[in-house]
Structures are given as C-alpha cells and as structure tokens.
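The values are calculated or read from the model by the stated rules, or taken from the named source; none is laboratory data. Here the structure is a predicted model, which means the values were calculated and not measured. Ligands, DNA and RNA are stripped out before the accessible areas are found, and what is left, the full protein with its side chains, is counted by its heavy atoms. Shrake-Rupley method; radii C 1.70, N 1.55, O 1.52, S 1.80 Å.
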Amino acid sequence: MRVPVQFFSQLKDVMQTSEIEVAQKDGATITDLLAELYQRTPRLRDWDGSILIGAGVEFVGRDYVIQPGDQIAIMPPVQGG
C-alpha cells in the first residue's frame with residue numbers, strides 16, 4: 001500500500017519536503033515506516049526520541065498498524081509560548 005506521510009515544522013527542512021508517499025506492506029507498523037524513512041534520510045533519526053506521530057487526527061504509538069487510507073503525520077514536539 002502507498003502511505004502518504006506529512007512532515008511539519010523543522011522536519012520539513014530535514015526531509016526537504018512537506019509530504020511524500022512511502023510503499024509499505026500490509027500489516028506494517030509505524031516502526032516499519034520509520035525504519036524506511038530513516039534509511040532514506042538518516043538525519044531524521046536525530047529526532048527519533050522526540051517526534052510525535054499521528055494517523056488521521058489521533059496520536060499513535062509505534063506499534064500502531066497502518067491502515068489503508070491512513071494519512072500519517074510526523075511532527076516535532078509541540079512547543080508552547
């Protein structure tokens with residue numbers, strides 16, 4: 001399946017784009033998706049300990065199984081001000 005992935009804030013700069021599509025096998029998890037993204041763009045791994053992941057409008061964990069039609073959002077930690 002093709003999974004659309006959006007990047008926000010500083011992560012857009014790291015990825016040099018705001019959105020890509022990534023091929024994933026059925027049953028893939030967020031961990032699988034991140035492994036693919038880290039292989040493509042190793043600098044993204046620097047953010048691994050602090051990124052937030054959303055599927056649709058919900059924050060999800062790394063064990064979340066990606067569903068057909070999901071839009072995945074990857075963002076840095078939320079900052080207030």
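Quick notes on this one:
- Once C-alpha pairs closer than 8 Å and six or more residues apart are averaged by separation and normalised to the residue number of the chain, the relative contact order reads 40 percent.
- Comparing Cα centroids, segment 1-17 and segment 26-75 end up 10 angstrom apart.
- Principal-axis tilt of helix 30-40 within the chain, Cα atoms, nearest 10 degrees: 70
- Within a Gaussian network of the chain (alpha carbon springs, distance under 10 Å), most fluctuating of ILE20, ILE66, ILE30: ILE20
- Option label - mean projected area of the Cα convex hull in nm² computed here, alternatives (i) 5.2; (ii) 6.0; (iii) 4.7: (i)
- Full extension of the chain between ASP26 and GLN10 gives 2.8 nm of extra length, using 0.36 nm per residue less the Cα-Cα distance.
- Surface analysis of segment 1-72 yields an accessible area of 59 Å² per residue, using protein heavy atoms and a 1.4 Å probe.
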